[in-house]
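S.K.: Take this structure, written in structure tokens, and hold onto it; I'll ask about it next.
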Amino acid sequence: MELTRLIVKGGVISPGELREVVNMGLEQGLDAISFGSRQDIIFSKGFAPIDRAKTGKHHFVYPDEKSGNNIVSSYVSTDIFTNTPWLTGNKFLYILEQFKEQPKLKVNITDPKQQLVPLFTGHINFVASHHEDYWFVYIRLPKWDKMEMYPVLIYSWNIAEVYYEIEKILVEEPDTADMIFQLITEKLDSNNRTIDQPFNIPFYPFPYYEGMNKLGIDQYWLGLYWRNNLYDLDFLKEMCDLCFDCKIGKICITPWKSFIVKGIPKDRKLDWEKFLGKKGINVRHSLLELNWHLPVATEWALNLKTFLVRTLDQYDISTYGLTFGLSEYNREGHYFTSIVVEKNEMPAALQSIKIRATYNVLFAKNFDPNTKEYIVHAQDVDKQELPSILIELSKKYFDELGNPVLEVSTTAAKKEIKEQDIHQCQECLTLYNSEYGDVTQGIEKGVLFKDLPEDYHCSLCESPKSNFMDFLEKV
């Protein structure tokens, strides 16, 4: 599928900018646009490259170009969902404004107290801390196997310059967050803060983000979702004009193929409702429909979602707080929903034969996608089996529902291995692991190798203590 993407910084676009984009689409004979999972705008067909001089500040990524990376932010959630008190919409906008150049990596800038925007789907993830104006940084560069935490908190106004320094040092191929910290410390004098407690992410149910909703005393916000993710250009053009008329400055794209308009004046609420009614826009889909993440312009995924939603609805199944994703088989397993249905690859030898697809079903640990840890629940199942499996997982979710808190540590796995204190005999390769001790010689669990008596010897070949080497240093 050939797609052209328009990068929207932080998912925030003005009505004027959106109207320009709509006009570009109309000029090329298109009738709809879609939204992507990284808060971008997608032209699914027939969109030809445009002269840079005519695009202004709009950044397009065409099908023959490498996928452009961008910034995802949870500005869209500010003021309307649970949020960190010090993190205001204006603060988000100021931070985004510091990014003058298009990033070469995926960047996420998010509030951990909201669930609408995923925290850890970027290469560089800035997540607000409990300290005002300070952020945790989680890094997983493209070639890294796991995510690591930067060893200090970053100041709000240093976020962009720290990011651009990370870009610069990529040529040195850093392989740990500590190495990145050392390189950046040599080049930047930034206002860092010590991490004084573990990073805990409280669990919040996935919010209902559609329809006209109260915002403060005298304003409303509107969430719009179309199940086919094809937003009519004529509708969007008129909506932008209505935003101008109501002095609304920002439109926010979500990662769920939808968008939110904040700041609708109380005395204009009726005008918006009339506008939506005349256009025949449905603004009250069930939560069953809103909590699905699908690849753009993929017919099999849209059809499968329709089948699953209708079946779950028929059985009156509640999925409140859960999110679902449909995806082609993903070897890297980068998802951001509670439950994932993977479509298996068809073996090359069978592609010429018409056979039914099979699916795998996975769920996130504690059903919280921010854990980034997925458990396989079922493999190679038929489409007809999926509804009963999803019902089973929904019941499991409610059985286990409490208030799970995800603790995201620094490099816990690496530290845990080193603290095991493993040494190896160079004669027979027997291991001494302080976690287990050595019962054959009366050594209790937890005794470090350095604390063993000098007459300690290998329990197998009786080589002396001096013949052991640090096993982890060898590895």
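The values are calculated or read from the model by the stated rules, or taken from the named source; none is laboratory data. Model, not experiment: these values are computed from the prediction. Note that each Cβ is placed from the backbone with ideal geometry, even for glycine, and that neighbours are counted across all protein chains shown. Just so you know, the surface numbers come from the protein's heavy atoms only, side chains and all, with ligands and any DNA or RNA stripped out. Shrake-Rupley method; radii C 1.70, N 1.55, O 1.52, S 1.80 Å.
S.K.: Out of all the residues in segment 436-475, which are loosely packed, with under 11 Cβ neighbours inside 10 Å and at pLDDT below 80?
M.R.: V439, T440, E473, K474, V475, listed by residue number.
S.K.: Any idea which of I417, I391 is out of contact with any helix residue (DSSP H, G or I) (no Cβ under 6 Å at 6 or more places or on another chain), surrounded by 11 or more Cβ atoms within 10 Å (Cβ to Cβ) and modelled with pLDDT of 80 or more?
M.R.: I391
S.K.: So which residues in segment 171-184 are under 15 Å from Y150 (Cα atoms), open to solvent by 80 Å² or more (accessible area, probe 1.4 Å) and either in a loop (DSSP other than H, G, I, E, B) or touching a strand residue (DSSP E or B) at 6+ places or on another chain (Cβ under 9 Å) (or both), if there are any at all?
M.R.: If the condition is that a residue be under 15 Å from Y150 (Cα atoms), open to solvent by 80 Å² or more (accessible area, probe 1.4 Å) and either in a loop (DSSP other than H, G, I, E, B) or touching a strand residue (DSSP E or B) at 6+ places or on another chain (Cβ under 9 Å) (or both), then D175 is the only one that fits.
S.K.: Can I ask one more? In segment 267-308, which residue that is of a type in the set (V, I, T) and within 23 Å of the chain's Cα centre (by Cα) is farthest from S388 (Cα to Cα)?
M.R.: Among them, the one singled out is V296.
S.K.: Another one. Of everything in segment 81-94, what is surrounded by fewer than 22 Cβ atoms within 10 Å (Cβ to Cβ) and not charged (D, E, K, R)? Give them in sequence order.
M.R.: Across segment 81-94, the qualifying residues are F81, T82, N83, T84, P85, W86, T88, G89, N90, L93, Y94.
S.K.: Another question, if that's okay. Tell me, which residue of segment 28-58 that is among the acidic types (D, E) and at pLDDT 90 or above is surrounded by the fewest Cβ atoms within 10 Å (Cβ to Cβ)?
M.R.: D31
S.K.: So K279 ticks every box in (1) in contact with a helix residue (DSSP H, G or I) (Cβ under 8 Å, 6 or more places away or on another chain); (2) under 30 Å from N366 (Cα atoms) but one. Which box is left unticked?
M.R.: (2)
S.K.: Specify the residue that is most open to solvent (accessible area, probe 1.4 Å); the eligible residues are those in segment 278-291 that are outside any helix (DSSP H, G or I) and in contact (Cβ under 8 Å) with a residue 40 or more places away in the chain.
M.R.: Here the residue is R284.
S.K.: Right, another one. From E148, E132, E161, grab the single residue that is among the acidic types (D, E), out of contact with any Asp or Glu (no Cβ under 6 Å at 6 or more places or on another chain) and surrounded by 19 or more Cβ atoms within 10 Å (Cβ to Cβ).
M.R.: Just a single option satisfies the conditions, and that option is E148.
S.K.: Then there's this: List every residue pair whose Cβ atoms lie under 6 Å apart, where the two residues are 6 or more positions apart in sequence or sit on different chains, the first residue falls within segment 88-100 and is under 18 Å from H59 (Cα atoms), and the second residue, located anywhere, is hydrophobic (A, V, I, L, M, F, W, C) and at pLDDT 95 or above.
M.R.: Q98/A160; F99/A160
S.K.: State whether one or more residues within segment 292-308 are surrounded by fewer than 20 Cβ atoms within 10 Å (Cβ to Cβ), β-branched (V, I, T) and assigned to a helix (DSSP H, G or I).
M.R.: For segment 292-308, residues surrounded by fewer than 20 Cβ atoms within 10 Å (Cβ to Cβ), β-branched (V, I, T) and assigned to a helix (DSSP H, G or I): present.
S.K.: Then there's this: Restricting attention to strands (runs of 3 or more DSSP E) lying wholly within segment 67-170, give those where 1 or more residues are under 19 Å from I201 (Cα atoms) and over 18 Å from the mean Cα position of the chain (by Cα).
M.R.: Qualifying strands (runs of 3 or more DSSP E): 134-139, 152-155.
S.K.: A follow-up question, please. Go through G211, G280, G216, G223 for me and flag whichever is among the small types (G, A, S), under 30 Å from L401 (Cβ atoms) and modelled with pLDDT under 95.
M.R.: G211
S.K.: Taking the criterion of being in contact with a Gly (Cβ under 6 Å, 6 or more places away or on another chain), open to solvent by 30 Å² or more (accessible area, probe 1.4 Å) and either at pLDDT below 85 or among the β-branched types (V, I, T) (or both), would at least one residue in segment 366-381 satisfy it?
M.R.: Taking every residue of segment 366-381 in turn, none turns out to be in contact with a Gly (Cβ under 6 Å, 6 or more places away or on another chain), open to solvent by 30 Å² or more (accessible area, probe 1.4 Å) and either at pLDDT below 85 or among the β-branched types (V, I, T) (or both).
S.K.: Read through the list (1) open to solvent by 10 Å² or more (accessible area, probe 1.4 Å); (2) touching a residue at least 60 places away in the same chain (Cβ under 8 Å); (3) under 21 Å from Y374 (Cβ atoms), then give the number of the only condition that P142 fails.
M.R.: Evaluating P142 over (1) open to solvent by 10 Å² or more (accessible area, probe 1.4 Å); (2) touching a residue at least 60 places away in the same chain (Cβ under 8 Å); (3) under 21 Å from Y374 (Cβ atoms) leaves (2) as the failure.
S.K.: While we're looking at this one, here's another question. Pull up segment 425-435, narrow it to residues that are touching a residue at least 24 places away in the same chain (Cβ under 8 Å) and of a type in the set (S, T, Y), then point me to the one that is surrounded by the fewest Cβ atoms within 10 Å (Cβ to Cβ).
M.R.: The qualifying residue surrounded by the fewest Cβ atoms within 10 Å (Cβ to Cβ) is T430.
S.K.: Look through segment 318-334, keep the residues that are modelled with pLDDT of 85 or more and open to solvent by 20 Å² or more (accessible area, probe 1.4 Å), and return whichever of them is farthest from Y374 (Cα to Cα).
M.R.: E328
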